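Colleague: One structure coming up, written as structure tokens, with questions to follow.
Only the coordinates and a few stated rules stand behind these numbers; no lab work does. Source: prediction; values computed, not measured. Glycine gets a Cβ as well: all are built from the backbone with ideal geometry, and neighbour counts include every protein chain shown.
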Amino acid sequence: MKTHLLLAPLMLANLLMTIPAAAGPNINPGLWEFTTETQMQGGGNMQVPAETHTQCITQDDLVPMSQTASKECQITNVVTNGDTISWDIVCGGQGGQMDGNGEVTYHGDTMEGSMVMAISGTNMQITNTITGRRIGNCNGQPSASSSSPPPPKQTQPSAVEEAVTEDAADVGQAARDEVKQNTIDEVRKGVRSIFSNIFD
């Protein structure tokens with residue numbers, strides 16, 4: 001009896017070791033380029049020009065989302081099933097609230113999928129077809145980033161630049177004063193002419 005009691009935990013441990021651990025999706029993390037083609041249905045079908053954005057994809061951030069969308073939308077219920085990622089999405093904005101869900105499948109360095117959304121209070125449906133490919137390393141890039149270049153750094157103007165700016169302002173003010181005076185003179189002439197015609 002004691003022998004059987006000792007063997008039971010060993011057999012259970014061996015059984016657990018033979019069960020493969022759950023693996024993540026087949027994806028190479030890094031900087032990815034995503035292209036989204038949008039089709040609007042309801043109230044007149046409309047094809048929206050394709051949009052492209054770059055995003056740093058990691059095992060913890062697998063949902064393709066542009067920087068603008070990440071500010072206006074909330075992602076919930078993210079589920080990983082093999083190489084496929086699915087999620088629910090709610091977006092706000094000037095056009096009204098939109099609700100939907102998406103699903104993409106990764107294949108190492110490429111992916112494809114779609115996202116379908118409906119605009120609340122209307123019969124309009126938006127279908128996004130998404131394709132993507134890995135283009136390099138993230139290089140410290142934030143999770144959701146647009147392809148737009150960073151804004152230029154603010155620099156302190158030099159004394160020469162300040163002097164030129166002040167001179168330009170003075171010249172502009174002088175020109176405006178001259179135009180103003182000319183306008184006043186013309187108005188005065190017009191008024192005199194009107195009174196002359198009335199009383200002549």
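Colleague: Once the Cβ-Cβ distance between residue 83 and residue 45 is put in as r, and R0 is 35 Å, what FRET efficiency do you end up with, to the nearest 0.05?
Modeller: 0.65
Colleague: Over the stretch 30-136, calculate the relative contact order: mean separation of alpha carbon pairs under 8 Å at least 6 apart, over the residue count, as a percent.
Modeller: Over the stretch 30-136, the number comes to 29 percent.
Colleague: Could you give the radius of gyration (one decimal) and Dmax (whole number) of the Cα atoms in the stretch 30-136, in Å?
Modeller: Values for the stretch 30-136 (Cα only, Rg and Dmax): 13.7, 42 Å.
Colleague: So how far apart, in nm, are the two label points at residue 28 and residue 76 if each is 7 Å from Cα heading toward Cβ?
Modeller: 3.6 nm
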